[in-house]
């Protein structure tokens, strides 16, 4: 795992994905993000770590355009402008993130072997909460209130 920090673009595969995005025709950038997320969301077998890293990066780009999303400001992220993504990418990004942290995921297994694993999972959870705020934890209303 060529990883140097916890952020979505702080690894070799995500940095390469950003470079690929920069080299993609501007009109095709959303399609590349969609294909990356969809490939991971549809994976039912073992998920390769590199695919998981790309999906986390793609999800971070989608989340950056959501209310409450953090901009991707790392030097390893895309340098070229991205289009305003369709809102239907949000649930796809959530599905991909859920797959990345599920069983049979090399990326999750690798992070879980480190002391930073819980922090990495928290970061994924923050991305997910921005992408699907309505599906986050809800407060229970006491009966009779």
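Using 0.36 nm times the number of residues separating residue 122 and residue 20, minus their current alpha carbon distance, what extension gain do you get? Mind dumping the intermediate values first?
On the way: separation 102, 0.36 × 102 = 36.72 nm, distance 2.71 nm.
Working it through step by step, the gained length comes to 34.0 nm.
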Relative contact order (percent) for the chain, with alpha-carbon contacts under 8 angstrom and 6 or more residues of separation?
29
Per DSSP H run of at least 4 residues, take -39500 (n - 2.57); add these up for the chain, divide by its residues and hand me the 222 nm value, nearest 500 deg cm²/dmol.
-17000 deg cm²/dmol
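For residue 48 and residue 134, what does the FRET efficiency come to when R0 = 35 Å and r is the distance between their Cβ atoms, rounded to the nearest 0.05?
Working: r = 31 Å, r/R0 = 0.88.
Between residue 48 and residue 134 the formula returns 0.70.
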Given contacts defined as C-alpha pairs under 8 Å and at least six residues apart, what's the relative contact order of segment 1-57, whole-number percent?
39
Using a basic spin-label model with each label point 7 Å from the Cα along Cα→Cβ, how many nm lie between residue 102 and residue 28?
3.0
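Every number here is computed from the coordinates shown, using simple stated rules; none is lab data. Because the structure is a prediction, the values reported are computed rather than measured. Cβ: placed from backbone, ideal geometry, glycine included. Neighbour counts: every protein chain shown.
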